[in-house]
1. Just need a number here: residues in the range 17-76 that are at pLDDT below 90, open to solvent by less than 60 Å² (accessible area, probe 1.4 Å) and of a type in the set (A, V, I, L, M, F, W, C).
2. Looking at the range 42-63, I want the residues that are of a type in the set (Ser, Thr, Tyr) and have a partner that is surrounded by fewer than 17 Cβ atoms within 10 Å (Cβ to Cβ) and not in a helix (DSSP H, G or I) with Cβ atoms under 6 Å, at least 6 apart or on another chain. Which pairs are those?
3. Quick one: which of Ser148, Ser119, Ser167, Ser144 is modelled with pLDDT of 70 or more and under 22 Å from the mean Cα position of the chain (by Cα)?
4. Please state which of the following conditions Leu112 fails to meet, knowing it meets all the rest: (1) of a type in the set (A, V, I, L, M, F, W, C); (2) surrounded by 11 or more Cβ atoms within 10 Å (Cβ to Cβ); (3) within 30 Å of Ile48 (Cβ to Cβ).
5. Out of the residues in the range 135-163 that are basic (Lys, Arg) and in contact with an Asp or Glu (Cβ under 8 Å, 6 or more places away or on another chain), which is farthest from Ser41 (Cα to Cα)?
6. Just checking, does the range 89-107 include any residue being open to solvent by less than 40 Å² (accessible area, probe 1.4 Å) and more than 34 Å from the chain's Cα centre (by Cα)?
Amino acid sequence: MEDVKKILSSILNEAKVLEEKIEQIGAAARRTGEVVAPSASESLREVIKFTEESANKIIQQIDKVEQNCHEIDKTVEELLSLNPINSIKEKLNLIKEKNQENMNILIKVYELFSFQDLSAQQIKEVINILEETKKQLLALAVNSIESSNLPQETKEMAKGKVHEILSGDRIFQEDVDRLLEELGL
């Protein structure tokens, strides 16, 4: 009986530690200004959505700047074709050079935004790991209960409570204590 208590307590405490880490991630996401859902997986999905939307808005603005650069380049070419005096020609060439430099910078900025896709893939992997960890914790807890010497009725109740606790959005110490108390552990 004492072994079952230790196993259950250990599993549920590990789940609590995991939940606290997940809460820290959610708190960081809330600091970005977006409201995240209570579920850790859902919170991470909201982070993906927020960063994707923000990146798309920034890229739209960069697209406008790029269009302006092309217009400037076209206009400078037209003015240069008029064969202006040397001082004006030098200034137009300087404008053309700086405009080309700006377009090269824009290309680099586009490349830098590839982080968004990579980070979304990594966050999705974390979501999958969190969901799989919850399933594994549940399976481990249920297997531990099954192999215990508890009466069948108590085993069924314990499995139901463990499932309820681990499949919920939050794990609170009070829930763990109450489960152990209900089991007489």
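The values are calculated or read from the model by the stated rules, or taken from the named source; none is laboratory data. In this text the structure is predicted, and so the values were computed from the model without any measurement. Counting neighbours? That spans all protein chains shown, and the Cβs are built from the backbone with ideal geometry, glycine included. Surface accessibility is based on the protein's heavy atoms, side chains included, excluding ligands, DNA and RNA. Shrake-Rupley method; radii C 1.70, N 1.55, O 1.52, S 1.80 Å.
1. Counting residues in the range 17-76 that are at pLDDT below 90, open to solvent by less than 60 Å² (accessible area, probe 1.4 Å) and of a type in the set (A, V, I, L, M, F, W, C) gives 14.
2. Pairs found: Ser43/Ala37.
3. Of Ser148, Ser119, Ser167, Ser144, the one residue that is modelled with pLDDT of 70 or more and under 22 Å from the mean Cα position of the chain (by Cα) is Ser119.
4. Leu112 satisfies every listed condition except (2).
5. Result: Lys155.
6. Within the range 89-107, one or more residues are open to solvent by less than 40 Å² (accessible area, probe 1.4 Å) and more than 34 Å from the chain's Cα centre (by Cα).
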